[in-house]
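To keep things clear, I will list the structure first and then write my remarks on it.
The values are calculated or read from the model by the stated rules, or taken from the named source; none is laboratory data. Every value quoted in this text rests on a predicted model; they were computed, and no experiment measured them. Neighbour counts are summed over all protein chains in view; Cβ atoms, including those assigned to glycine, are modelled from backbone coordinates with ideal geometry. Surface accessibility is based on the protein's heavy atoms, side chains included, excluding ligands, DNA and RNA. Shrake-Rupley method; radii C 1.70, N 1.55, O 1.52, S 1.80 Å.
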Amino acid sequence: MRAIWKGAVSFGLVSIGVKLYSATEEKDIRFHQVHREDGGRIRYKRTCSVCGEEVTYDDIAKGYDIGGGEMVILTDEDFADLPLTSSRAIDVLEFVPAEQVDPILYNKAYFLEPEGTATKPYVLLRDALIDSERVAIVKVALRQREQLATLRVREGVLLLNTMLWPDEIRTPDFGFLDEDLKVRPPELAMASSLIDSMTGEFEPDVFTDDYRAALQEVIDAKVEGREVVQPEEVEEAPAAAVDLMAALKASVERAKAARGEQPARGGGGGGGEPTPISSARSAQKAAEKKAAKAPAKKTTAKKTAEKKTAAKKAEPAKKTAAKKAEPAKKTAARKTAPRKSA
């Protein structure tokens, strides 16, 4: 690494000489603009919009637009008179608990390395920060601009985090903040259960930039003169609107399955991993079956009652018919009986 700044941390009456290094680096793949026909680099000229002449860096100044086509021009002398603190000092203002610093304020990160004989006071400040469980709020002038920053310890090294000023943080102004939306306790409990089922230890190395890796593969293939075959991605159909509780329950089951836990299943057995849509559809089908069975039961009961009523009505008719048939049988029996001889 190459130091980009040298100065001193002012800690009370103690001065600690340090070197500043960028703690992060962008891994984006950068391209040049070139002519498609012959690959020649595209160059841009700095020209004046008034006279049309090409301008060198020495003739360029900073201008502030005040509106109405008027411009205020500032020179290097104007900037030199600004009340900046020493460009080579990191002034410690106070020490605060780390949790009191909103992460949205953090901007860029730099490592600090002790310079020369400053190792002993450097280590002293580092260990004091660790022991107190606090971060130092400092001011530093970088690139001709005074910035608020924090000093904290990371892997045994002092880390300088420049911060945005409070008035640089926008205030969210969204319509839903004024709506009176109520979350039901069961929904909140199920959402909390989903969070618990997806809780783990943060390991940054597990996550990778898949887009950058694929783009690098394309570039390497171009260099080697081979063709790149990318597998076709199957676009998932947008999920239909489902009941929130059903979606939460299905999400919990899926999260448990991903962690190797046995998901709770009903008595039906079989089937794949539940999804929000399948769970909602299953609930809907169950409701439809229940509704369909109720009229069927009523119809069966009605038919049974009608049969009983018909049977009761038919019973007296059968008895009457039987009584009428009895004399007829006796008469017929008399006629058919043989007469005794004298």
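Quick rundown of the values:
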| item | result |
| --- | --- |
| Hey, TYR57 of a type in the set (Phe, Trp, Tyr), more than 41 Å from the chain's Cα centre (by Cα) and open to solvent by 100 Å² or more (accessible area, probe 1.4 Å) or not | yes |
| Hits in the stretch 66-90 (condition: among the β-branched types (Val, Ile, Thr), surrounded by 10 or more Cβ atoms within 10 Å (Cβ to Cβ) and either within 17 Å of ARG145 (Cα to Cα) or in contact (Cβ under 8 Å) with a residue 40 or more places away in the chain (or both)) | THR85, ILE90 |
| Pair list, Cβ < 8 Å and 6+ apart or interchain, from the stretch 91-112 residues that are touching a residue at least 24 places away in the same chain (Cβ under 8 Å) and on the phi < 0 side of the Ramachandran plot to residues that are surrounded by fewer than 16 Cβ atoms within 10 Å (Cβ to Cβ) and assigned to a helix (DSSP H, G or I) | PHE95/SER132; LEU105/PRO166 |
| Evaluation of LEU142 against (1) at pLDDT below 90; (2) open to solvent by 50 Å² or more (accessible area, probe 1.4 Å) (one fails), failing number | (2) |
| Matching residues, the stretch 109-128, being open to solvent by less than 10 Å² (accessible area, probe 1.4 Å) and farther than 21 Å from MET1 by Cα | LEU125 |
| Qualifying residue in the stretch 97-108 (condition: open to solvent by less than 90 Å² (accessible area, probe 1.4 Å), part of a helix (DSSP H, G or I) and polar (S, T, N, Q)) | no |
| Among the residues listed as VAL218, VAL223, the single one being under 19 Å from ASP28 (Cβ atoms), modelled with pLDDT of 80 or more and surrounded by 10 or more Cβ atoms within 10 Å (Cβ to Cβ) | VAL218 |
| Flag for LEU148 being assigned to a helix (DSSP H, G or I), under 19 Å from ALA8 (Cβ atoms) and in contact with a strand residue (DSSP E or B) (Cβ under 7 Å, 6 or more places away or on another chain) | no |
| Candidate set: the stretch 180-204, residues that are small (Gly, Ala, Ser) and surrounded by 10 or more Cβ atoms within 10 Å (Cβ to Cβ); chosen: the one modelled with the lowest pLDDT | SER197 |
| Sole residue being open to solvent by less than 90 Å² (accessible area, probe 1.4 Å) and over 30 Å from LYS120 (Cα atoms), chosen from LEU158, LEU177, LEU148, LEU164 | LEU164 |
| Exclusive hit being surrounded by fewer than 10 Cβ atoms within 10 Å (Cβ to Cβ) and among the small types (Gly, Ala, Ser), set SER22, SER49 | SER49 |
| Enumeration of residues in the stretch 109-128 that are touching a Phe, Trp or Tyr at 6+ places or on another chain (Cβ under 8 Å) and either in a helix (DSSP H, G or I) or among the acidic types (Asp, Glu) (or both) | GLU113, PRO121, LEU125 |
| Unmet requirement for LYS27, which otherwise passes all of (1) among the charged types (D, E, K, R); (2) touching a helix residue (DSSP H, G or I) at 6+ places or on another chain (Cβ under 8 Å); (3) more than 30 Å from THR150 (Cα to Cα) | (3) |
